[in-house]
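The values are calculated or read from the model by the stated rules, or taken from the named source; none is laboratory data. Just so it is clear, the structure is predicted and the values come from calculations on it, not from any experiment. Cβ: placed from backbone, ideal geometry, glycine included. Neighbour counts: every protein chain shown. In case anyone asks, the SASA skips ligands and DNA or RNA and just uses the protein heavy atoms, side chains included. Shrake-Rupley method; radii C 1.70, N 1.55, O 1.52, S 1.80 Å.
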Amino acid sequence: MSTDTRVTVTSDAVLDAALTLFAQRGYHGTALSQIAEVLGIRTPSLYNHMRSKHELLLTIVDETTAGVLADFHQAIAGTTDPEQRLYQATLVYARRHATHTREALVVNRDTASLVQPHRDQMQQRRREHGYAMRGLIADGVAAGVFTVDSPALASFAIREMCVSIARWFRPDGEFTAPAVAEQYTRFALRIVNAKSA
């Protein structure tokens, strides 16, 4: 009996295995044969669940960037207070990088490996989040509750700070994901010199 007949593999399992390997080795450092090996199947059997390695990367980046934007819009809904909006937006972004570390590593390292037009589409989605964060900070400056010379630079600093969480956070480490997200959010409020910080 061959390995393929004994192992039941789903499309979700293929995507999950690819996500793990892309996060560990990078997109270009991962071969389809390695994904198949993790799943206990032959490489040709992968094509029952995907069209290409590129399709796996696109799915990961698409779902992750869409999730970031959905988090952002949900977080700021229902409040017009600039400080609360920045607090909530940073909180969900920091928490996502602690709870979705594989996705964060892949998106931040391998989005440039997508072919066109997908690369531009995904990069535009990431820029949309950056512009939205910048807008929150600019609103706070205009309202007199934040004091920064450059909302764009402050936004970049906050987002990069949160992105870094995925590189060091471990669920079994000293800090929990909620605790890290809360502390990073307080750092963010200090970056913009929020009145409450």
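Quick look at the numbers
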item	result
Pairs where the first residue, in segment 111-122, is in contact (Cβ under 8 Å) with a residue 40 or more places away in the chain and the second is open to solvent by 80 Å² or more (accessible area, probe 1.4 Å), C-beta under 9 Å, 6+ apart	S113/H28; L114/D120; L114/Q121
Within segment 5-41, tally of residues that are part of a helix (DSSP H, G or I) and open to solvent by 70 Å² or more (accessible area, probe 1.4 Å)	8
Options R109, R102, R51; residue that is charged (D, E, K, R), touching a Gly at 6+ places or on another chain (Cβ under 7 Å) and open to solvent by 20 Å² or more (accessible area, probe 1.4 Å)	R109
Any chance G144 is over 20 Å from the mean Cα position of the chain (by Cα) and at positive phi	yes
Single match in A70, A94, A66, A77 (criterion: crowded, with 17+ Cβ neighbours inside 10 Å, aliphatic (A, V, I, L, M) and modelled with pLDDT of 95 or more)	A94
Subset of segment 113-145 [over 27 Å from L58 (Cβ atoms), open to solvent by less than 70 Å² (accessible area, probe 1.4 Å) and either in a helix (DSSP H, G or I) or small (G, A, S) (or both)]	G135, L136, I137, A138, G140, V141, A143, G144
